[in-house]
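Read through the structure below, which is laid out as structure tokens, and then see the notes.
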Amino acid sequence: MTKILILYASLGSGHISAAKALSQAFSHFPDVEVQSEDALAYARSIYRNAVVQAYKESSEKFPQLYKAVYEGSDIDDLEKSLDSNLTWAKLEAPFFQRLGKLLRESNPDAIVCVQQIPTRLLQLLEPEDQTSKPQYVVVTDLVAHSTWLNYGIDGYFLANDLSANMLKQRGVDPAILQVTGIPIKLEVLEPKSKEEMRSRHNLPQNVPLVTLFGGGLSNRRVRAMISSLLESPSPLMLVIAPGRNEDLLEAIEDLTDSSQVKLRKLGPIDYVDDLIVASDLIITKAGGLITSEILARGTPTIIVDPLPGQEEQNADAIAAAGAGVQLRLMEMVAPAVQYLLKRPDRLTQMRQSALELGKPRAALNIAEFILKDWRSHIR
């Protein structure tokens, strides 16, 4: 039995989703036991609370400060970035004394990290907790930041060639760089048609369908977009999926159908993939996981309000590939939707670009590579 330990940190939903996707993928292989753990659950509460609060406050309330820190900590020189991450690990290690116990008790054959905190901490285990087992890092952004780089890593799994080339230029050994895509749920491999998904969820077949994923967006901005879209001169169905934005439905409670636009407001759903397939166009932020799921299905995207830092880079990568457009002004969203819906050839090009960039088999390919590489270690 091969034992795989997946470590993540519950800062944002993307890392959790990636860990779940990898767990599902490893479970498809015979004689593999998977354990997925939140590294923050093994930290002292004072550290855990401080980090979670700092991440939330800086990314949501002080985005420009977050951007400055994010960009300022992205170091081009490989040795300097490795040493910087090791220094951070030395500061954090006293708060993670229980992490070593987890490794002793789980005794994995290989360790997979999908967030920066656990991967840098593995460098500083106590002598009795040290492991010679291979360690892998799955980068969950479309562009790899230098904080993902650490000593003792046997393989990095990256979203695209752009990210791989950037790390090569920084001096990372090309032999340990694998372009697989970001791991997303295996459901994206299931054949689904637009017509079937619309029928399944009682959505109209004969008008364009636009879905707005509101998780992480401000209620004021979402309300402004919806209000403008309701003024559309052409028929369409607008679906609002609030995601983790618990207050959004209340904030738009008074908005209703217009003469040309049917408005459907959803509560919490477990059929995000169905909705992606059913849509002609999606409006969303640029989180690594949600955009990877959209790309894998080939649905054109309008990206709004990316968080400064990694989400801006994600948005740039998608726009540069022609799979989506990035808008900074909310006033441009409704005109952009109308423009694209009137140009089916442009939407077709965007779908093709999205499919070329998307990696629906990413989780399975990562699991397969790790298991094969681990077997090479024990021979």
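The values are calculated or read from the model by the stated rules, or taken from the named source; none is laboratory data. Remember, predicted model here, so these are calculated numbers, not experimental data. As a convention, Cβ positions derive from the backbone with ideal geometry for all residues, glycine included, and neighbour counts pool all protein chains shown. These accessible areas exclude ligands, DNA and RNA; they are computed on the full protein's heavy atoms, side chains included. Shrake-Rupley method; radii C 1.70, N 1.55, O 1.52, S 1.80 Å.
Number of residues in the range 106-137 that are in contact with a Gly (Cβ under 9 Å, 6 or more places away or on another chain), surrounded by fewer than 22 Cβ atoms within 10 Å (Cβ to Cβ) and modelled with pLDDT of 90 or more: the value is 1.
Using the structure shown, decide if Q178 is more than 17 Å from the chain's Cα centre (by Cα), open to solvent by 10 Å² or more (accessible area, probe 1.4 Å) and modelled with pLDDT under 95. Talk me through it step by step, then tell me what you get.
Numbers: more than 17 Å from the chain's Cα centre (by Cα): yes; open to solvent by 10 Å² or more (accessible area, probe 1.4 Å): yes; modelled with pLDDT under 95: no.
Considered against the rule, which asks whether it is more than 17 Å from the chain's Cα centre (by Cα), open to solvent by 10 Å² or more (accessible area, probe 1.4 Å) and modelled with pLDDT under 95, Q178 comes out as no.
Six or more apart or on different chains, Cβ under 9 Å: which pairs go from a residue in the range 26-39 that's on the phi > 0 side of the Ramachandran plot and modelled with pLDDT of 95 or more to one that's part of a loop (DSSP other than H, G, I, E, B) and surrounded by fewer than 17 Cβ atoms within 10 Å (Cβ to Cβ)? Could you list them? Pairs that qualify, where the first residue is on the phi > 0 side of the Ramachandran plot and modelled with pLDDT of 95 or more and the partner is part of a loop (DSSP other than H, G, I, E, B) and surrounded by fewer than 17 Cβ atoms within 10 Å (Cβ to Cβ): there are none. For the range 334-356, does any single residue satisfy the condition of being touching a helix residue (DSSP H, G or I) at 6+ places or on another chain (Cβ under 7 Å), within 18 Å of G181 (Cβ to Cβ) and open to solvent by less than 40 Å² (accessible area, probe 1.4 Å)? Yes - at least one qualifying residue is present in the range 334-356. Based on this model, can you work out whether K192 counts as part of a helix (DSSP H, G or I) and touching a helix residue (DSSP H, G or I) at 6+ places or on another chain (Cβ under 8 Å)? In short, no. Selection of first residues in the range 334-350 that are outside any helix (DSSP H, G or I) and of second residues that are hydroxyl-bearing (S, T, Y), restricted to Cβ pairs under 9 Å at least 6 apart or on distinct chains, gives the following pairs, ordered by first then second residue: K342/S234.
Screening N202 against (1) among the polar types (S, T, N, Q); (2) touching a Ser or Thr at 6+ places or on another chain (Cβ under 9 Å); (3) open to solvent by 60 Å² or more (accessible area, probe 1.4 Å) leaves a single unmet condition, (2). Restricting the first member to the range 97-111 and to residues that are farther than 13 Å from M1 by Cβ, and the second to residues that are surrounded by fewer than 22 Cβ atoms within 10 Å (Cβ to Cβ) and at pLDDT 90 or above, the beta-carbon pairs closer than 7 Å and six or more apart or on different chains are R98/Y42; L99/Y42; L102/E37; L102/Y42. Across the range 154-175, the number of residues qualifying as open to solvent by 20 Å² or more (accessible area, probe 1.4 Å) and under 15 Å from L78 (Cβ atoms) comes to 9. Anything in the range 172-189 that is touching an Asp or Glu at 6+ places or on another chain (Cβ under 7 Å) and part of a strand (DSSP E or B)? List them, or say none. Listed by number, the list holds a single entry, V179. Applying the selection to the range 218-263, what residues are within 14 Å of V333 (Cα to Cα), open to solvent by less than 40 Å² (accessible area, probe 1.4 Å) and of a type in the set (A, V, I, L, M)? V222, M225, I226, L229, L230, L238 - these are the residues of the range 218-263 that are within 14 Å of V333 (Cα to Cα), open to solvent by less than 40 Å² (accessible area, probe 1.4 Å) and of a type in the set (A, V, I, L, M).
Could you list all residues from the range 297-333 that are of a type in the set (K, R) and surrounded by fewer than 18 Cβ atoms within 10 Å (Cβ to Cβ)? The one that is of a type in the set (K, R) and surrounded by fewer than 18 Cβ atoms within 10 Å (Cβ to Cβ): R328.
Restricting to the range 357-376, name every residue that is open to solvent by 90 Å² or more (accessible area, probe 1.4 Å) and either in contact (Cβ under 8 Å) with a residue 60 or more places away in the chain or in contact with a Gly (Cβ under 9 Å, 6 or more places away or on another chain) (or both). Working first, answer last.
Narrowing the range 357-376 to residues open to solvent by 90 Å² or more (accessible area, probe 1.4 Å): 361, 368, 372, 375.
Within the range 357-376, R361, E368 qualify.
Could you check the range 273-293 and list, in sequence order, the residues that are surrounded by fewer than 24 Cβ atoms within 10 Å (Cβ to Cβ) and touching a Phe, Trp or Tyr at 6+ places or on another chain (Cβ under 8 Å)? Selection gives K285 alone.
Residue by residue, here is whether (1) outside any helix (DSSP H, G or I); (2) at pLDDT 90 or above; (3) touching a helix residue (DSSP H, G or I) at 6+ places or on another chain (Cβ under 6 Å) holds:
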| position | (1), (2), (3) |
| --- | --- |
| R198 | no, yes, yes |
| L217 | yes, no, no |
| R220 | no, yes, no |
| G243 | yes, no, no |
| T256 | yes, yes, no |
| P268 | yes, no, no |
| D274 | no, yes, yes |
| A296 | no, yes, yes |
